[in-house]
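As structure tokens, the structure follows; a few thoughts come after it.
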Amino acid sequence: MNSISLKRAFEALGQMDDILILAHANPDGDAVGSMFALYLALRGMGKRVRCEIRDVPENLRFIVREEAFADFPPRYIVTVDTGDKKLLNASFTDKYGDHVALNIDHHGTNGFFADETLVDPTAAAACEVLFDLFTFAGIEITKEIAICLYVGISTDTGCFRYANTTAKTLRAAACLLETGIDNGAVNTDIFETKTPQFVAFERAAMNALRLCLGGKCAVLRIPQQMYKDAGIKEADTQGVNGLPRMIAGVYAGVTVKERENGVYHASVRTKEPINAAAICEKFGGGGHKYAAGCELGKDGEAAEAQLVAAVEEALKAAGLLNG
Ligand SMILES: [Mn+2]
């Protein structure tokens, strides 16, 4: 399956009305940003459009549009930043079904689950794909839209630090700044501000961090109790996924988190030449080359061991580990 063109995506949106926008569960900045940027753009096109989202991190609430939670029966579902149908929040697909008319995404592992898919794996964020779409279609990028797009692009690039940041990404960001958004303030709130609860949580996470595979893999396992002890919601701890890979010599940083339903979810961050998406695809997950995720079982220890075994295999295949 192939991506549709920007032209076709704009045509498809033009033909729809009474649209519901969904993004992946456990939303990050790109999920929230792309949802509300698209919401504002479609509203600007005169469409009846609404959103459903849960568990938005506190520090991203400022881009959530309360008026987007109108209640009308949707005729079309459009998803953003979602590479796999099973990543959609089940409470929404139970309610509205899982027939998606259009998916706008940037995951290389996109499963083409929608009727039509606009996917660009070279884009750093779904928000970058939306920027391209709006620019192509001549949709005015207002300051309100720009702030949403900026949040998505800055969070998915770790504030423009990760390898997914291209010259094109920076050009898009430059255009967004020209609308007058206050990037300094946004970055301070998102990247430089931690609640006391998060600091307590991070302290516990640091203590739980362990090295394995000759120091080339770092693992952090987070049971539900760790959130409870710190008095924090999982949604507000996304920054922790980057911790394991920060240790010098580590090629694969693995964070294994227990969800509220007891299922463990792994977030894998890697460095060249280790492919995080390839590791996660073995467990039915996916994502990007250096950042991916997958669901594991309810046994935390087994989940961790499975993931480490997959990392070991990848390190060996890359000639970084003997045996
Ligand atoms: Mn994304």
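In the chain, what percent of the accessible surface is made up of carbon and sulfur (1.4 Å probe, ligands and nucleic acids excluded)?
Of all accessible area on the chain, carbon and sulfur atoms account for 51 percent.
Treating the Cα atoms of segment 6-190 as identical point scatterers in vacuum, please give the log10 of the normalised Debye intensity I(q)/I(0) at q = 0.11, 0.13, 0.14, 0.15 Å⁻¹, two decimals.
Here log10 of I(q) over I(0) equals -0.41, -0.58, -0.68, -0.79.
Probe 1.4 Å, all protein chains in place: accessible area of Phe191 in Å², nearest 10?
Only protein atoms counted, so the area is about 60 Å².
Can you compute 3J(HN,Hα) from phi for each residue in segment 275-286, using the Karplus curve 6.51 cos²θ - 1.76 cosθ + 1.60 with θ = phi - 60°, rounded to whole Hz and x for Gly and Pro?
Listing the rounded values in order: 9, 5, 5, 5, 5, 6, 4, 4, 10, x, x, x Hz.
Taking 0.36 nm per residue of separation and subtracting the Cα-Cα distance, what length does fully extending Asn322 through Asp71 add?
Result for the pair: 84.5 nm of gain on full extension.
What residues have an amide H closer than 5 Å to that of Cys51, excluding those fewer than 5 places away on the same chain, when H is modeled at 1.01 Å from N in the peptide plane?
Ile21, Phe69, Ala70
I need the phi-derived Karplus couplings for segment 31-48: 6.51 cos²θ - 1.76 cosθ + 1.60, θ = phi - 60°, integer Hz, Gly and Pro marked x.
Result, ordered by residue: 5, 5, x, 5, 4, 7, 5, 5, 4, 5, 5, 5, 4, x, 7, x, 7, 7 Hz.
Could you list which residues have their amide H under 5 Å from that of Leu88, counting only those 5 or more apart in sequence or on another chain, with H placed in the peptide plane?
So Leu88 has HN proximity to Ala25.
If amide H atoms are built 1.01 Å from N in the plane of the peptide, which residues on other chains or at least 5 residues away come under 5 Å of the amide H of Glu116?
The answer is Leu102, Asn103.
Determine the dipole magnitude for the chain: charges of +1 sit on the beta-carbon of Lys and Arg, -1 on that of Asp and Glu, nothing else is charged, the reference point is the Cα centre, and the result goes in debye to the nearest 20.
I would put it at about 580 debye.
Of Phe283, Phe136, Phe69, which has the most accessible area with a 1.4 Å probe, and how do the rest follow in descending order?
Phe136, Phe69, Phe283
How much accessible area per residue does the chain have, in Å², with a 1.4 Å probe?
44 Å²
In the structure displayed, which of Lys86/Lys271; Lys194/Lys228; Lys233/Lys257 lie more than 21 Å apart, Cα to Cα?
Lys86/Lys271
What list of ³J(HN,Hα) values in whole Hz, one per residue of segment 163-170 in order, does the Karplus curve 6.51 cos²θ - 1.76 cosθ + 1.60 (θ = phi - 60°) give from phi, with Gly and Pro shown as x?
Residue by residue, segment 163-170 yields 5, 6, 6, 10, 4, 5, 4, 5 Hz.
The values are calculated or read from the model by the stated rules, or taken from the named source; none is laboratory data. Every value quoted in this text rests on a predicted model; they were computed, and no experiment measured them. Here Cβ is always computed from backbone atoms with ideal geometry, including for glycine, and neighbour counts include all displayed protein chains. To get the accessible areas, we keep the full protein, side chains included, count just its heavy atoms, and leave off ligands, DNA and RNA. Shrake-Rupley method; radii C 1.70, N 1.55, O 1.52, S 1.80 Å.
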